């Protein structure tokens, strides 16, 4: 087992938690719950139908199934869960256990943050994307018709169990989605993560994210670099009505961000080519921007991105590495999109 601690500062309270990565990690759930100071008697397992993962516990267990797909990632789902928790007698000392991909951990985490004004949550991610990104760091939320993850809360889990055994059951598309996020970490660190075996690669991505989250828990500064490639990605997801999956959209967004950085004189064409090699050659991901919206519509959607506090805001590569760049000229963005959309 690889164990990574997400260290979080607190006023007299240690809110740090452990992420366990390895085969059979799910068997550690009861031990994790035993160590909690709330002494939970019940667990509310939030999951989706058809997942090849069974959670067992010595505690009273209540199961809640949510719908599959981003169109279920809504405030209505949060209400349904919280009403279900209340009917099951879940108290503020009990625990939500989120079992599934990033959509499940986002929704279950937000429900846990909201119910009784906050109860503990443990994440059991069942996808590669969930293990290296969505389940780590405490960002929870749901979508609005106007954009992705516009309503949510920062609510840190009490632990994360990444059982590598479940990855053997993933469909090819889910693997691609995880690879889209994993490619991002290549550019954040400059490391050749593809040289590691899968378990080591997952653990290294968790380490990178844990270090960034510890330095900026609520995304007031440095943590925004974890959104590299996400500005266009979120617009693509919204415009395609989520037919384009998150990791697929991130892969496209990464290469677009590199091309935008080149257009702004921040990086060279050689650096753009390095992005293309990692995304297309190393991970086999598509990078063409699909014609799911016009360039003008993409610009409007990106203007509503939650990072956008001063004009169009992107996370871009540059002489000092990956950083947030605010007030990017919309004309430049539009011209680049005119050249690339559907090409």
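May I ask you to say which residue of 15, 92, 7 is over 30 Å from residue 236 (Cα atoms), surrounded by fewer than 19 Cβ atoms within 10 Å (Cβ to Cβ) and at pLDDT 95 or above?
Values: 15 fails: at pLDDT 95 or above; 7 fails: at pLDDT 95 or above.
Selected residue: 92, the only one of 15, 92, 7 that is over 30 Å from residue 236 (Cα atoms), surrounded by fewer than 19 Cβ atoms within 10 Å (Cβ to Cβ) and at pLDDT 95 or above.
Specify which of the listed residues (36, 8, 26) is part of a loop (DSSP other than H, G, I, E, B), touching a helix residue (DSSP H, G or I) at 6+ places or on another chain (Cβ under 9 Å) and assigned by TED's automatic domain parsing to the domain that holds residue 98. Spell out how you get there, then give the answer.
Numbers: 36 fails: touching a helix residue (DSSP H, G or I) at 6+ places or on another chain (Cβ under 9 Å); 26 fails: part of a loop (DSSP other than H, G, I, E, B).
Within the list 36, 8, 26, the selection yields 8.
Residue 133 satisfies every condition listed in (1) surrounded by 23 or more Cβ atoms within 10 Å (Cβ to Cβ); (2) at pLDDT 95 or above except (2).
Looking only at residues that are part of a helix (DSSP H, G or I) and without any contact (Cβ under 8 Å) to a residue 60 or more places away in the chain in segment 213-222, which one is farthest from residue 314 (Cα to Cα)? Only one residue tops the list, namely 215. So, in segment 233-271, of the ones that are more than 24 Å from the chain's Cα centre (by Cα) and part of a helix (DSSP H, G or I), which residue ends up surrounded by the fewest Cβ atoms within 10 Å (Cβ to Cβ)? Among those residues, the one meeting the criterion is 270. Of all residues in segment 268-298, those being free of Cβ contacts under 8 Å to residues at least 40 places away in the same chain and either closer than 16 Å to residue 252 by Cβ or outside the structural domain of residue 335 (by TED's automatic domain parsing) (or both) number 7.
Return the residues of segment 99-137 that are closer than 20 Å to residue 75 by Cα and under 10 Å from the mean Cα position of the chain (by Cα); say none if nothing qualifies. Once the filter is applied, which keeps residues that are closer than 20 Å to residue 75 by Cα and under 10 Å from the mean Cα position of the chain (by Cα), segment 99-137 yields 101, 102, 103, 105, 106, 134, 135.
Residues that are free of Cβ contacts under 8 Å to residues at least 24 places away in the same chain, closer than 13 Å to residue 48 by Cα and not in a loop (DSSP other than H, G, I, E, B) within segment 65-82 comprise just one, 65. The criterion of being within 30 Å of residue 69 (Cα to Cα) and either outside any strand (DSSP E or B) or modelled with pLDDT under 95 (or both) does not hold for residue 315.
Taking the criterion of being surrounded by fewer than 16 Cβ atoms within 10 Å (Cβ to Cβ) and either in contact with a helix residue (DSSP H, G or I) (Cβ under 8 Å, 6 or more places away or on another chain) or not assigned by TED's automatic domain parsing to the domain that holds residue 106 (or both), the only residue of segment 69-81 that qualifies is 69. Residue 55 meets each of the listed conditions (1) closer than 19 Å to residue 165 by Cα; (2) not in a loop (DSSP other than H, G, I, E, B) apart from (2).
Checking the condition more than 16 Å from the chain's Cα centre (by Cα), buried (at least 19 other Cβ atoms within 10 Å of the Cβ) and under 19 Å from residue 17 (Cα atoms), which residue from 215, 158 passes?
Details: 215 fails: buried (at least 19 other Cβ atoms within 10 Å of the Cβ).
Checking each option against the conditions leaves just 158.
Assigned by TED's automatic domain parsing to the domain that holds residue 282 and loosely packed, with under 14 Cβ neighbours inside 10 Å: does that describe residue 190? Judged against the criteria, residue 190 is not a match. The numbered conditions (1) at pLDDT below 90; (2) in contact with a helix residue (DSSP H, G or I) (Cβ under 8 Å, 6 or more places away or on another chain) are all true for residue 201 except (1). For residue 303, state whether it is at pLDDT below 95, surrounded by fewer than 17 Cβ atoms within 10 Å (Cβ to Cβ) and closer than 25 Å to residue 189 by Cα. Here the answer is no, as residue 303 does not meet what is asked.
The values are calculated or read from the model by the stated rules, or taken from the named source; none is laboratory data. Model, not experiment: these values are computed from the prediction. So basically every Cβ, Gly included, is an ideal-geometry build from the backbone, and we count neighbours across all protein chains shown.
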